[in-house]
1. Around Arg48, what is the net charge, scoring Lys/Arg as +1 and Asp/Glu as -1 over all other residues with Cβ under 12 Å from its Cβ?
2. Quick one: Cα centre-to-centre distance for segment 128-144 and segment 9-27, in angstrom?
3. So what is the 222 nm mean residue ellipticity for the chain from helices alone, if each DSSP H run of at least 4 adds -39500 (n - 2.57) and you divide by all residues, rounding to the nearest 500 deg cm²/dmol?
4. Counting heavy atoms of the protein chains only and a 1.4 Å probe, report the per residue accessible area for segment 54-136 as a whole number of Å².
5. How much of the accessible area of the chain, probe 1.4 Å, is carbon plus sulfur, in whole percent?
6. Evaluate the relative contact order of the chain (contact order divided by residue number), counting alpha-carbon pairs under 8 angstrom at least 6 apart; express in whole percent.
Amino acid sequence: MSKRLQGKIAFVTGAGSGIGEATALRFAEEGAVVVLCGRRPEPLQQVREKIQALGGQAEIAVADVSDEQGYVAALEDTAKRHGRLDILVNNAMAYTWGGIDSMSTADWHANFSTTVDGTFWGTRTAMRLMRDSGGAIVNIASICGLFGTAWMAGYSAAKAAVINFSRAAASEGAPHKVRCNVVIPGVVDTPATAGMLGDAKARENTEKVIPMKRVGLPVELANAILFLASDEASYVTGASLSVDGGRSSDLYTVLD
C-alpha cells in the first residue's frame, strides 16, 4: 500500500515542538517532503534529525510567521525549489494572558499578529501557489475559539477568527481544488500547556472536565491533520474538526 503523502511537498509552521513537530513526523512517515518552519533553527534541526533517522525527508525554513515578508518568502521559495506546494499547515501561534480590564492594546494585538495575520498571509500565499494544481490547507484553531475563556480573551478571539476565516477560504478555494479545513485542539500535552499541567493536581482538575478523562497527545492531533491534508479527505473542505476528548460536545460534565 502506498504512503498517503508520497511525493507531496508540505510546509508546517511551528514545527519545532508540540503539535507542529508531531505533524511533521507523521507527514514524513507518510512520504511527504516536509519543510519545517519556525523562528529558531535549533528545535527545527532536532526535528529534522528525527525525521531523517526514520528515513524521511525534511528541510528547514527559519521564518517568523508574524513577519509577512519573511513568511511569504519562505513559502514562495519552497514552491520555487520544488516546483509546487501541496500542503500548508498553519500551526504557529502566540498568546498573551491577562484580564480584559487590564489588557494593553499592544497585548491584545499580540494575539493576532501570528495567529490571525500569519494564518491569513500563509493561506493567501498558498492559494496563489496552489491555484493551478490544487492543494490542502489545514489551519489550527483552539477550543478557546469555541468557548469564552477567562484571562485569554485575545487568544480566544484570534482562534475564533481562524475558524471563520478558514470557511471563507474554503469557499473561495473550492473552484480551484484548494481545500481549507480547521483542526480544533482541546487541551494537548505540549510545551505550550506545560504551565497549566505543571503539577499533578492541575492535571487532575483539567482531566476531570474532559469526557475522556485525559489530555490529548500531539500525535492524536497530527493524525487528524494528516487526514485533512491527504487525498482521503478529497471531498472535505470548510470543515472544523474538534479533537478534544469530547470537551466541546459536553454541556454538563459528570465528575467522579
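The values are calculated or read from the model by the stated rules, or taken from the named source; none is laboratory data. Bear in mind the structure is a predicted one, so any value in this text is a computation, not a measurement. Methodologically, a virtual Cβ is constructed for each residue, glycine included, from the backbone with ideal geometry; neighbour enumeration extends over all protein chains shown. In case anyone asks, the SASA skips ligands and DNA or RNA and just uses the protein heavy atoms, side chains included. Shrake-Rupley method; radii C 1.70, N 1.55, O 1.52, S 1.80 Å.
1. Working: positive: Lys50; negative: Glu21, Glu42, Glu49, Glu59.
Net local charge, Arg48 excluded: -3.
2. 14 Å
3. Numbers: 8 runs with 101 residues, N = 256.
The per-residue figure over the chain is -12500 deg cm²/dmol.
4. Details: 4220 Å² over 83 residues.
Spelled out: the 1.4 Å probe surface of segment 54-136, per residue, equals 51 Å².
5. After summing per-atom areas, the C and S share lands at 53 percent.
6. 18 percent
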